[in-house]
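Q: Below: one structure in structure tokens.
The values are calculated or read from the model by the stated rules, or taken from the named source; none is laboratory data. Quick caveat, the model's predicted, so the values are computed rather than measured. Cβ coordinates were reconstructed from backbone atoms using ideal geometry, including for glycine residues, and neighbour counts include every protein chain displayed. Note: accessible area is taken over every heavy atom of the protein model, side chains too, but ligands, DNA and RNA are not part of it. Shrake-Rupley method; radii C 1.70, N 1.55, O 1.52, S 1.80 Å.
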Amino acid sequence: MSAAPHAAPVPLAARPFGPLAGRARIPGDKSISHRALLFGLLAIGETRVTGLLEGEDVLRTADAVRALGGVAERLGEGEWRVVGVGIGGLQQPAGVLDFGNAGTGSRLTMGVAASHPITATFDGDASLRKRPMRRIVDPLVRMGAEVVSEAEGGRLPLTIRGPRETAPIVYETPVPSAQIKSAVLLAGLNAPGKTTVIEQEASRDHTERLLRHFGAEVVVEPHGEHGRRITLTGQPELRAAPIAVPADPSSAAFPLVAALIVPGSDIVLDNVMVNPLRTGLFATLREMGADIEELNAREEGGETVADLRVRAGTLRGVDVPAERAPSMIDEYPVLAVAAAFASGETRMRGLHELRVKESDRLQAVADGLAAAGVGVRIEGDDLIVTGGNGEVRGGGTAATHLDHRIAMAFLVLGLAARAGMRVDDGTMIATSFPTFVPLMRELGGDIDAGLQGGGAGA
């Protein structure tokens, strides 16, 4: 058994061209898109989803929904229907559940499958096979699941067998992680009694919001200074409910930072989710002096959304506290790019979790900045970037390590660096933001296929 082979690398180069301008719609939020499909699987009836992100990661979760007995059918661009089997109704998958690069999809689906009396094998690409899964599996084992087989270090490929009756637990997450929390809560749906998750730092709360949206009983209480205690009453009958997926703030981060650092830029990003547990980047950039204006704030599908107007300006270095990490864990690569163009030093604290993402993002960011001529160092789990006060040399190549966010972050840097910037592979961008390159071109960015060897501006 082997993961799907990675496509041949396609280098991309970004060069300074002129101000970014116009209005753009970012694809649907990836976190909510995964959850929309899985909740549709566990509900009774037909769930209609609009705005679904149709990136490779989410499409792998749609495949898993079908393999587990549900219907996931595309009706049009971003419009899907999901027909569920209900809690307790999952069928035995006929083959391996291959999630490609989808860390969220694989981990959340583990929570769903591990609470049912079926055996499922999870696998993925070379990048996903490196990511730790024990932090997800350990609480599921406490709930009655059995690990039949796993790769060294508790990694994929991994086969898990669910119990005849899932046990409710009280579980304190070892690190702030919406994936761990969500896997336990999704498993708790098929357990009698109450399942409780305690987190010392509040992580993104899309699962809790969607549990309520589909009719489950969930109580969320404060815990300590920054944490939460979430209690779910198990074995509800989830009712199919429509979901309008808002634009992904983690994807919006890339054109947003590009507009801040390319002189003269003025853009509007439509319908972006501004859930306070997802907007740590926006808060940090505003502390740095960024001109980000929220227009027409409104509620859609249980989430707050707004149109974001972003204008270029002068940024200054700041100290980013470790407790902000859960609300912006995916945005640090592009924040580091913004810091490279700021005045003074930016210190990003407590980034241990970046070492276990699609790549060791902490090291990958530092290496990419160094290749662009930016002063950067790592001290423990802190990343320190010395800004160039609006000037970055660029001209190097960033190694992406099959990581979509590293690729996009350094293409953004190339739009404002004197000599541009190249990334060694852009194919994996399709996992989360398949329209990234054409969208940036429509706003006025110069991104195209990069040649092997030589500077991006050559």
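Conditions (1) hydrophobic (A, V, I, L, M, F, W, C); (2) surrounded by fewer than 23 Cβ atoms within 10 Å (Cβ to Cβ); (3) in contact with a strand residue (DSSP E or B) (Cβ under 8 Å, 6 or more places away or on another chain); (4) farther than 25 Å from VAL141 by Cβ, marked per residue:
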{"position": "LEU20", "(1), (2), (3), (4)": "yes, no, yes, yes"}
{"position": "LEU41", "(1), (2), (3), (4)": "yes, no, yes, no"}
{"position": "GLU46", "(1), (2), (3), (4)": "no, yes, yes, yes"}
{"position": "SER106", "(1), (2), (3), (4)": "no, no, yes, no"}
{"position": "MET110", "(1), (2), (3), (4)": "yes, no, yes, no"}
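Q: Looking at VAL58, VAL10, VAL49, can you tell me which residue is closer than 30 Å to ARG418 by Cα and touching a residue at least 40 places away in the same chain (Cβ under 8 Å)?
A: Matching residue, one of VAL58, VAL10, VAL49: VAL10.
Q: Is there a residue in the range 312-324 that is under 26 Å from ASP205 (Cβ atoms), under 19 Å from the mean Cα position of the chain (by Cα) and of a type in the set (Gly, Ala, Ser)?
A: For the range 312-324, residues under 26 Å from ASP205 (Cβ atoms), under 19 Å from the mean Cα position of the chain (by Cα) and of a type in the set (Gly, Ala, Ser): present.
Q: Do you know which of the residues in the range 185-215 that are among the β-branched types (Val, Ile, Thr) and surrounded by fewer than 24 Cβ atoms within 10 Å (Cβ to Cβ) is farthest from the chain's Cα centre (by Cα)?
A: For the range 185-215, the residue satisfying everything is THR196.
Q: For the range 306-315, name all the residues that are touching a residue at least 60 places away in the same chain (Cβ under 8 Å) and within 21 Å of TYR332 (Cβ to Cβ).
A: LEU315
Q: Continuing with the same structure: Which condition number in (1) in a loop (DSSP other than H, G, I, E, B); (2) touching a Phe, Trp or Tyr at 6+ places or on another chain (Cβ under 7 Å) is the one that ILE87 fails?
A: Only one criterion is unmet by ILE87, namely (2).
Q: Oh, and also: Report, by residue number, each residue of the range 385-429 that is over 25 Å from VAL318 (Cβ atoms) and either open to solvent by 30 Å² or more (accessible area, probe 1.4 Å) or among the β-branched types (Val, Ile, Thr) (or both).
A: Matches in the range 385-429: THR397, ALA399, THR400, HIS401, LEU402, ALA419, VAL423, ASP424, THR427, ILE429.
Q: Further question on the same structure: I want to confirm something. Restricting to the range 134-157 and keeping residues that are part of a helix (DSSP H, G or I) and free of Cβ contacts under 8 Å to residues at least 40 places away in the same chain, which single residue is most open to solvent (accessible area, probe 1.4 Å)?
A: Among those residues, the one meeting the criterion is ARG142.
Q: I'd like the residue in the range 345-358 that is assigned to a helix (DSSP H, G or I) and open to solvent by 10 Å² or more (accessible area, probe 1.4 Å) and, out of all such residues, is nearest to ALA126 (Cα to Cα).
A: Only one residue tops the list, namely VAL356.
Q: Do we find that PRO117 is in contact (Cβ under 8 Å) with a residue 24 or more places away in the chain, in a loop (DSSP other than H, G, I, E, B) and within 21 Å of the chain's Cα centre (by Cα) in this structure?
A: No, not satisfied.
Q: Shifting gears a bit: Within the range 380-394, is even one residue in contact with a strand residue (DSSP E or B) (Cβ under 8 Å, 6 or more places away or on another chain) and acidic (Asp, Glu)?
A: yes
Q: A further question on this structure: Search the range 118-133 for residues being out of contact with any strand residue (DSSP E or B) (no Cβ under 8 Å at 6 or more places or on another chain) and open to solvent by 10 Å² or more (accessible area, probe 1.4 Å), and hand back the single one that is farthest from ASP360 (Cα to Cα).
A: ASP125
Q: Looking at this structure, is ASP57 within 19 Å of the chain's Cα centre (by Cα), part of a loop (DSSP other than H, G, I, E, B) and under 28 Å from VAL175 (Cβ atoms)?
A: No, not satisfied.
Q: Taking the range 326-344 as the search range and keeping residues that are outside any loop (DSSP other than H, G, I, E, B), among the small types (Gly, Ala, Ser) and open to solvent by less than 10 Å² (accessible area, probe 1.4 Å), which one is farthest from LYS30 (Cα to Cα)?
A: ALA340
Q: Ok, one more. Condition first: of a type in the set (Val, Ile, Thr) and either outside any loop (DSSP other than H, G, I, E, B) or buried (at least 22 other Cβ atoms within 10 Å of the Cβ) (or both). Now tell me which residues in the range 288-325 satisfy that.
A: Across the range 288-325, the qualifying residues are ILE292, THR304, VAL305, VAL310, VAL320.
Q: While we're here: For the range 66-77, does any single residue satisfy the condition of being at pLDDT below 95 and in a helix (DSSP H, G or I)?
A: No, because not a single residue in the range 66-77 is at pLDDT below 95 and in a helix (DSSP H, G or I).
Q: Follow-up question, since we're still on this one. Can you name the condition, by its number, that PHE254 falls short on among (1) open to solvent by less than 10 Å² (accessible area, probe 1.4 Å); (2) among the aromatic types (Phe, Trp, Tyr); (3) in contact with a strand residue (DSSP E or B) (Cβ under 6 Å, 6 or more places away or on another chain)?
A: In the conditions (1) open to solvent by less than 10 Å² (accessible area, probe 1.4 Å); (2) among the aromatic types (Phe, Trp, Tyr); (3) in contact with a strand residue (DSSP E or B) (Cβ under 6 Å, 6 or more places away or on another chain), PHE254 misses (3) alone.
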